[in-house]
Amino acid sequence: MTTPPSTDHPIGADRTPEPPAEPSRTARAHSFNAAAAQYAANRPSYPPALFDAIEDLTGRPLTGARVADIGAGTGIATALLHARGAKVIAVEPGDGMAAQFRSALPGIPIIRGTGDDLPLTDASVDLITYAQAWHWTDPARAVPETLRVLRPGGALALWWNTDALDVPWIAEAAARTERHFGIDVSAEKRNVNARAADPTGRLDFTRRTVRWSRRVPVDTHLANIGSHSVFLVHGAEHTAAFLAEEREHLLRAFPDGFVEEVYEVVLLLAKSPA
């Protein structure tokens, strides 16, 4: 979860064990490969309005644009860009995620690599995209690589699905996550800004926010949050204990067995010099 904790007392009793030590950033970055199928089946998609905003900010349609989707994962964003008519190539470092991508999207090329060392030629694409992935890069390396690969007047688009902070049940669930895992669950939300994305200030980002939601069964919601890196790296037993308690909380709050996940997609877009 990416929302900050609520000050309200959560639903139900708190039987939280002592949290384990914080895993390394590298361990979290690589954790998705073992859960690629779970990720693909349960993670949320992105709304059409996001891609409308990208077209508006770049001043050109996605149809026919040469796009490199970096950290493509299982291809959730890649497939949507392709559906909008873009000529997409995916870049993904992980074995498990790349295998899932190839299974789901056999007609879209995927190559292995990272944003810190893009396996692409100079001035070769109109748009570089990172869906939920820029925070795994080193901006000191990824920004110059982006500017090298973009054509003059091209653009870099970064976006994240972040949990809506004003929805009480989401804030309460985030508070339970923070207590159980001993982490600051609001950090990702706070870090979705231009300064964090490019500490050097070389890129001039414009920010847009798109609110959307999806209604899913409780078990889909739990599988979704269980596919996030903080859950994947803390050990199966520790994560299973949390998810079992979380299921009880949610079924008390949503007795019909469905939850409305509410998101705000935060988009940061910057153009390269023409």
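In the condition set (1) at pLDDT below 90; (2) not in a loop (DSSP other than H, G, I, E, B), GLU264 is compliant with all but (1). On inspection, GLU246 fails the criterion of being open to solvent by 60 Å² or more (accessible area, probe 1.4 Å), modelled with pLDDT under 95 and among the charged types (D, E, K, R).
The values are calculated or read from the model by the stated rules, or taken from the named source; none is laboratory data. Predicted model only: the values in this text are computed from it and were never measured. Surface areas here come from the heavy atoms of the whole protein model, side chains and all, with no ligands, DNA or RNA. Shrake-Rupley method; radii C 1.70, N 1.55, O 1.52, S 1.80 Å.
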